[in-house]
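Working notes, beginning with the structure itself.
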Amino acid sequence: MKRKNISILLIDDDVCYCKLVTAALKRAGHSTRFIVKTANALADGIKLTEADDFDLALLDLGLPDSFGLDTFDRFHAACPNLPTVLVTGLEDEKTSIEAIKRGASDFLVKGVDSFIDILVRTILYAIERTRAEQMLQLSERNFRNIINRSADAIIVTNKSGTILFANPAVEALFGWNSDELLGKPFEHPVTVGRTAEIELTRKSGAKAAAEMRTVETNWQGKTARLVSLRDITERRATERKMNKYRENLKTLVEERTEKVNVEKELLSVTFSSMGDGVIVVDPQKRIVLFNRVAEVLAGWEFEYVQDRKLDDIFRIADERTRERIVSPVDKVLKSIKTELGPDSEVLLAMDGSERPISTKAAPIIGADGAITGIVIVFRDVSREREIERLKQDFISSVSHELRTPLTSIKAYTETILNDPNMDEDTRKRFLEIIDEESNRLATLIEGLLEISRIESGTIQILREPMDVDVLAEQVVTALRPLADKKHIDLQSEIDENLLPFEGDADRIQSVLTNLVNNAIKFTPPRGSVKISVLKGSEQLIVSVCDTGMGIPKEALPRIFDRFYRVYHPGKHIQGTGLGLAIVKKIVTMHGGRIEVQSEIEKGTTFTIFLPLDRRNSAEESNSRIKTPCDADHSPPETG
């Protein structure tokens, strides 16, 4: 026997459910062959009806582009003659019943297993009933034949509810034949347009559940009521079982979903918070994942690069030749093992900028041993490259600075050793030079150790209340002999009622000593040096100003660099080039900042700002606060 084809349009946004229904209908085992087409949105479904003829539509009321009764109204308006069965997971029977009032053929609550049998019967019934109604509208002459062939019990009543006609299916539902029912009142109100589930009393006294739908018709030239009754007793029992099963399934799904969501959130947070750029591609090198760091480094947003080829986005080149190089992903696809990128690779960002990176790629292996994807982890190594450069510069500078005094010591020592007849004055002068160079070497080594201790964090600032004005006076007293030797006027200016400062007294004293000593060293005879300690609103302001030779403008940005010394033509002044670098680091460790102003042949002023409240930032004020040193750089009058 040739199977009959029935074309079904299933409109549901649940892809898995669409596949389940399609597969179930294909193996339904009926004499009917179901051909199912699916759409995930209302607009797509309506568009399919314009191209194909369908026998029935299965419509979910909750779709991405429509919801509730509006879904059915829009679909019914577009396809008024297409039988429509509502299949919803909303469990909203009132909404479904209202839709049936507006023209829907039937409704079913989503389920599994036994639900499919009901679905098949519902589809067949909906198609059959709709076609019957259409035939009734076309020809009243076929009215009785259509009703008599209906699978449902159908009765016709007058407006008051007296039964005028009953089809053969009534006997199966009620137990009475049609002749026994004629002229008797129907036990339920017959209201046009009413759809309801009712309880009937069979002839045997047993109860039966039926779905009743009432429409207005014309019977023997008079307005009448046509009532269709569908036995849903078995369906009710099945639905009760399905509801219980669905509740259990819902609980299980919720538990599994919660677990998956937690794991997904954990993975998402881990992926997003990684400090390295992470890209995941499929075996065809299409981008699947692209974390925030990767977006920043490459300059692309994930929404733009998703599903695009990796080589179009992740462009790397040789740092020396600027030629494109093979991605480590290509190596992984060949070797099926973790691969590293070359040491000299740079990432070419979307905006054309370049940055050195370090790359590693690893395969993602599936259960069958095949590559299912590749993960690329890369990071910006600009900082490491800069540190390496600074390290090399530091080593070079240290070597140079150490070599200079050692060379002098060795040369003068060899001269003394090779000349046993050297006169005493020359020998003494050479030994004094050796002593000076040894002291310079010791100072240099101590400076290097101090810098190392500060940068490694091994120095702990001992914060205790101290009087900076007392430290300033001690520094002035200690260095006054040096100033007097050069006839330099060494002055101090201290505010009254200064608040104590919490800090490391020894470190702060070394800072003041260094600055005052430098001022004396670079100030010519009969000049002046002044140290001031003033009280600001929330900070101490310590200034050391001199009337020395000054610092060229171009040298000011580097004045606090290690080993940097200002070149003064025709003048050689001893120093290691580490003092100001140490000064700045100690000031910074106290939460303060240091500024310098200078003018050639007029003098230099170093100003330190120390916060009285440790919670205040060193960036408290970028505006320069005027100090007494600004008033006058001229040397004092001499007699």
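Numbers at a glance
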quantity	calculated
Computed label-point distance, nm, for sites residue 322 and residue 247 using a 7 Å Cα→Cβ extension	7.3
Principal-axis tilt of helix 15-26 within the chain, Cα atoms, nearest 10 degrees	30
Volume per residue that the Cα convex hull of the stretch 163-278 spans, once the total is divided by residue count, Å³	178
1.4 Å probe accessible area per residue over the stretch 190-288, in Å²	61
Neighbour cut-off at most 11 other Cβ (10 Å), DSSP loop, chymotrypsin sites (Phe, Trp or Tyr not before Pro), the stretch 233-342	none
Calculated FRET efficiency for the pair residue 263/residue 382, C-beta based, R₀ 35 Å, to 0.05	0.50
The stretch 476-572, accessible area per residue, ligands and nucleic acids excluded (1.4 Å, Å²)	51
Folded to 0 to 90 degrees: helix 42-51 orientation relative to the chain principal axis, Cα	50
Accessible area of residue 117 in the full protein assembly, 1.4 Å probe (Å², nearest 10)	90
Sparse-neighbourhood loop sites, trypsin sites (Lys or Arg not before Pro) in the stretch 207-284 - DSSP loop, at most 10 other Cβ within 10 angstrom	none
Beta bridges per DSSP with both ends in the chain, % antiparallel, nearest 5	75
Pair residue 160, residue 14: separation of 7 Å Cα→Cβ label points (nm)	4.9
Coil-residue chymotrypsin sites (Phe, Trp or Tyr not before Pro) of the stretch 136-239, DSSP, other Cβ within 10 Å capped at 13	none
Among (1) 54.1; (2) 68.5; (3) 30.6, the entry derived from the coordinates for mean projected area of the Cα convex hull in nm²	(1)
Portion, in percent, of the accessible area of the chain that falls on carbon or sulfur, probe 1.4 Å	51
Fraction of beta bridges assigned by DSSP in the stretch 477-571 that are antiparallel (%, nearest 5)	55
Extension gain, residue 223 back to residue 184 (0.36 nm per residue minus Cα-Cα distance, nm)	12.2 nm
Cα long-axis angle, helix 579-589 against the chain (0 to 90 degrees, to the nearest 10)	40
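The values are calculated or read from the model by the stated rules, or taken from the named source; none is laboratory data. Keep in mind it's a predicted model, so treat the numbers as computed, not measured. For neighbour counting, all protein chains shown are included, and Cβ atoms are generated from backbone atoms with ideal geometry for every residue, glycine included. The accessibility values were calculated without ligands, DNA or RNA, using every heavy atom of the protein model including side chains. Shrake-Rupley method; radii C 1.70, N 1.55, O 1.52, S 1.80 Å.
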